[in-house]
Amino acid sequence: MKPVDIVEILLVEDNPQDAELTVRGLRKRNLANQLFMVEDGAEALDYIFGQGKYAYRGHLNNLKVVLLDLKLPKIDGLQVLKAIKSDERTYMIPVVIMTSSNEDPDIKAAYELGANSYVVKPVDFDEFMVAMSQVGLYWLLVNQTSNRR
Amino acid sequence: MSDEKENRLLFLENVLASIPDAVVTADTQHNILEWNLGAEKLFGYSAAEACGRKLVDLITGGKAEIIDEIAYCIQKIHKGESIPPTETIRYRKDGIPVNVIMSVAHLWSGDEWIGGISVYTDITERKRTEILIESMNTATIGIQKAMEPGQIFTAVSKELEKIGVSCAIFALNESKENLIPVYLSYRSQYIRAAEKLTGLSALKFAIPIDSVETNRQAIRERKSVFLSDLKETTKQALPRPIAILADSVTRHLRIKKSIYAPLMVDDDVIGLFSVQSDDLRESDIPAITAFANQLAAAWQKAQLYEKARQEISARIEAEGQIRLLNEELERRVAERTAELQSANKELESLAYSISHDLRAPLRAINGYAQILVEDYGSALDEEGIRVCSVIVNEAQRMGRLIDALLTFLRLGRADMQLFSIDMQALAQSVFDELTIASGAEQIDLRLGVLPDAIADPFLIRQVWVNLLSNAVKFSRHRQPAIIEVGSTRDADHHTIYWVRDNGVGFDMQHVDKLFGVFNRLHSDQEFEGTGVGLAIVQRVIQRHSGRVWATGEVNRGATFFFSLPTKGSNS
C-alpha cells in the first residue's frame, strides 16, 4: 500500500495549538497514522480534489472523513464545505465541522450546505479529546460500513 | 236744453274731468264719444285726437293679444253682458305699456242701448311694488337656504337684478366707524370696467360712516333712507377711489334712486344694505327695510356657521399636524430601531468573536497544562502538579464564564414566541430535572397553585432553571431544605411568581448587585457559579414586560419574585 492510500482523515485547522491537540487526541486512539493536516481552505481543496501540489493524488479519493474548522485563511470553511458537497466525486465524504461555540451562526449555514455533524471544541482538554476522537471514529466506522455494502 | 239740464251736463263733465281714472264712452259702432282728462293722462292722447276714433286703433300698441281681448269684450257687450273690473295691459301713445284695471258697462237711453262706457284705473305703480316685493320674497327664500355669506349675496342680487334693481352690501367694521363693501351687484361689467379704469378694487376701501349722509342716517339713526339722486352721494366726502368708482357706475347705469337700510340683528347694526334703481319710491322703504332684516339674520347665521366651520377645519388641520408629528415620531423610532438592530448585530459579532477568539487560547492553556502533567509528570514535584491543576481549573472556569456570558447575550436578543404556558407543570418538571442527579429526598418542595402565563416557553424555562437551581444550591446545607413556589396577582394586571428557600440568604444592602452580570455575593469555594444566572432571569423577564426583585436575610433564606403581564393586559 502506498502512503497516500493510508490517509483516511483530513484535518483542516489553521490554529497550530488546536491542531497539535487534535492530533494528540487522535494518536491516543491510534488514528493519527491515517491523518493528513492542512492549514488553509485553498490547500484543503487542492488536497481533496487532487489538484495543485496534490495533483499526484489524481481523482483517487479514499477519505473517510474531513474535520473542518470554519475560520480559515484564504478560503473559509463554509466555502470548502460547499465545494465538497456540490461535487459528485466528493459529496459522499462526511464532513465534521469544528467550531469554538454553540452560538456560532455558521453552524446553521454549515448544516444547510450538507455538513454531517459538528463538534464544539471544549475548553476542557479531556472533553475535547473525547469529542474529537469519537467524532473521528464514528465517521470512520459509518463510512467503512457503507463502503462494504 | 233747459238750463237745469245744461247745468247738470256741465256738472257731469266736471265730474268726469276730476276723476283720476280714465273714462271713455263709445257708441254702438265703438266710435269714441268722450275721452276725459284721466284718459288723456293715462294714454297720452288728447280728447281731440281720440274722439271719433276706435279704442282698438289707439291703445293696443298693435299687440294681437290685446286686439283679440278688445274684440272679445265687444262681443260680450253685444250679448248684453258687462265686463267686471279686470287686470290687463294697455299701451300708451308713446308705446309704453301700462297696467290697468278695466271695467266696461252698457250705456242706455231709456230702454235703448246707445253704447258703452269703459273705466281704466292705472295700477302700474301698485304692480311695480308687487313685483319688487315678490322679488324680495323669492330672494328671502334663497338666502334662508344659503350657508355662506357669498351665497346669500348672490341670491339677493340674482333676484333683484331680474327686475332691474342693483344692490350693495356693506359690513360694519369692528370699530363701528367704517363700512366695508362686501358685495356690489351694480351690473358687473360696469364695476369691472370702472375697476380697470382706476386700477382699484371696489371691495377694498373702508368708507367712514359719517362721510355720506345717507350712510350716517342709516347706521347712526337706524332708519332707512331714500335718495332721489345718487349723484348727490358721489359729491359727498367719499374716499376718492370710491367716489370715482361710484360716479363711473352710476353714470354708466343711469341709476338715480337709492334706498339705504341698516342691517340689524336684534338691536345691533352689523352693516348696510342699499338698493339702486331708476324706479324706486320713498314708499318702497318699508318693504326694503323688512327685507334688510331678513338679510341681516341670514347673514349673521352664515357668519356663525362659517366661524364654526373654520374652527372645525382648524381642528382638522391640528389633527393633521398631530398625525404628521406621529409619523415623524414613528419614523424616528424606526430609525432608532434600525440603529439598535445594527448595534445588536455588532454585539452578536462581538459575541461570536469572543467565543471563538477567547476560547482558542483557553483550550491551548488547558490542553498544554494537561500535556505537561501527562508527559512530564515524573519531572514535576507535587507542588508543580498542583500548579498545573490550578491552571487547568481556572482555564475551565473562564470557559464557563464565557459560555454563560454568551448565553446571556443570546437570550437577550432571541426572537420571542409567545404561548400559553402551564407554569405549575413547568416549575415541577424543571425541579425534577435539577434534582434527579443530586436526589430530591433532602428537599421539601412546596409547590403552590401557579396560573398559566403567556410567554416564550424556552426563555421562561430558563428563568425557572436559574431560580430553582439557585434555591437548591443555596439551601443544600439545610436539613431539611425547604423550597416554596407560589404566586399572587397584583393590581396592575400582572401575575407575580415567587421562589423562596431557607438557604443562606443575603444581606439586603447588596440587593442591587444580585441581578448584575458577573456580580456574585459568594465565592466559588462557597457556592460555585458564574454570576450570570440572575442577570439572565432579569433580562428574560424584562423582555416580557415584567419585573424581578428579591428579598432576603443572611442565613434566613431568600425570596425571588418575577411578574408577568396576565392575559388580556397590554404588554
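Convex hull volume of the Cα atoms of the range B:281-420, normalised per residue: 178 Å³. Remark: the range B:553-561, residue by residue, has Karplus-estimated 3J(HN,Hα) of 8, 4, 6, 10, x, 9, 10, 10, 10 Hz, where x stands for each Gly or Pro and the curve is 6.51 cos²θ - 1.76 cosθ + 1.60 at θ = phi - 60°. With R₀ fixed at 22 Å, the C-beta to C-beta distance from residue B:339 to residue B:410 puts the FRET efficiency at about 0.60. Here the average projected area of the convex hull drawn through the C-alpha atoms of the range B:1-124 stands at 7.8 nm². The magnitude of the dipole of the protein assembly as shown, with charges of +1 and -1 set on the Cβ of Lys/Arg and Asp/Glu and taken from the Cα centre, is near 800 debye. In this structure residue B:518 has an accessible area near 90 Å², from a 1.4 Å probe over the protein heavy atoms.
Label positions at residue B:113 and residue B:315, each projected 7 Å from the Cα along the C-beta direction, are separated by 8.0 nm.
Peptide B:357-368 has a mean shielding of 6, counted as Cβ atoms of other protein chains within 10 Å of each residue's Cβ. Once backbone amide H atoms are built at 1.01 Å from N, residue B:114 has B:107, B:108, B:109 as its partners under 5 Å, excluding neighbours fewer than 5 places away on the same chain.
Per-residue shielding of B:7-15, expressed as the average number of other chain Cβ atoms within 10 Å of the residue Cβ, stands at 0.
Give the separation of the Cα centroids, the range B:490-521 to the range B:417-458, in Å. Using only Cα atoms, the two centres lie 18 Å from each other. When only the Cβ of Lys, Arg, Asp and Glu is charged (+1, +1, -1, -1), the dipole of the range B:444-550 relative to its Cα centre reaches about 100 debye. Distance between the pseudo-spin-label points of residue B:133 and residue B:182 (7 Å out from Cα toward the beta carbon): 2.8 nm. The overall shape of the range B:464-516 is oblate: from the C-alpha gyration tensor, with semi-axes ordered a ≥ b ≥ c, the ratio a/c is 1.5 or greater and a/b is no larger than b/c.
Working from label points 7 Å from Cα in the Cα-to-Cβ sense, the residue B:420 to residue B:397 distance is 4.7 nm. Neighbouring Cβ atoms from other chains, within 10 Å of the Cβ of residues in A:105-114, number 1 on average. Here the Karplus relation 6.51 cos²θ - 1.76 cosθ + 1.60, evaluated at θ = phi - 60°, turns the backbone of the range B:75-89 into coupling constants of 4, 5, 4, 4, 7, x, 9, 9, 9, x, x, 9, 7, 7, 10 Hz, with x for every Gly and Pro.
For residue A:117, the residues whose amide H sits under 5 Å from its own are A:95, A:97, ignoring neighbours fewer than 5 places away on the same chain, with H placed 1.01 Å from N. Taking the DSSP beta bridges with both ends in the protein assembly as shown, the antiparallel portion is around 80 percent. For the range B:110-186, the dipole from Cβ point charges (+1 on Lys and Arg, -1 on Asp and Glu) about the Cα centre works out to 380 debye, to the nearest 20.
Entry note, the protein assembly as shown: the mean residue ellipticity at 222 nm calculated from DSSP H runs of n ≥ 4, each adding -39500 (n - 2.57), is -16000 deg cm²/dmol after division by the residues and rounding to the nearest 500.
Summing charges over neighbours of residue B:530, with a neighbour being any other residue whose Cβ is under 11 Å away from its Cβ, gives 0 when K and R count +1 and D and E count -1. Seen from a random direction on average, the alpha-carbon convex hull of the range B:286-345 projects onto 3.7 square nanometres.
Taking all protein chains together, B:562, B:226 sort by accessible area into B:226, B:562, largest first [probe 1.4 Å]. Place +1 on the Cβ of every Lys and Arg and -1 on the Cβ of every Asp and Glu in the range B:87-179, take the dipole about the Cα centre, and give the residue among B:173, B:123, B:135 whose Cα lies farthest towards its positive end. Of the candidates, B:173 comes out farthest on the positive side.
With all protein chains in place and a 1.4 Å probe, the accessible surface of the protein assembly as shown carries 53 percent carbon and sulfur. Proximity of backbone amide H atoms, modeled 1.01 Å from N, is registered between residue A:37 and A:11 at under 5 Å, excluding neighbours fewer than 5 places apart on the same chain. Residues of chain B were split at every exposed loop site, defined as GluC sites (Glu not before Pro) in a DSSP loop with at most 15 other C-beta atoms within 10 angstrom, and the longest piece left, sites excluded, is B:222-440.
Both chains summed, the buried accessible area for B and A stands near 2000 Å², from protein heavy atoms and a 1.4 Å probe.
The Cα atoms of chain B cover 185, 56, 43 Å along the three principal axes, with the biggest extent listed first. Placing unit charges on the Cβ atoms of the charged side chains and taking the dipole of chain B about its Cα centre, the candidate lying farthest along the positive direction among B:470, B:535, B:160 is B:160. Counting every pair of alpha carbons in the protein assembly as shown, the share spaced more than 40 Å apart comes to 67 percent.
The values are calculated or read from the model by the stated rules, or taken from the named source; none is laboratory data. Everything numeric here is computed off the predicted structure, so don't read it as measured data. Positions of Cβ are generated from backbone atoms using ideal geometry, with glycine treated the same way; all protein chains shown enter the neighbour counts. For accessibility, only protein heavy atoms count, side chains too; no ligands or nucleic acids. Shrake-Rupley method; radii C 1.70, N 1.55, O 1.52, S 1.80 Å.
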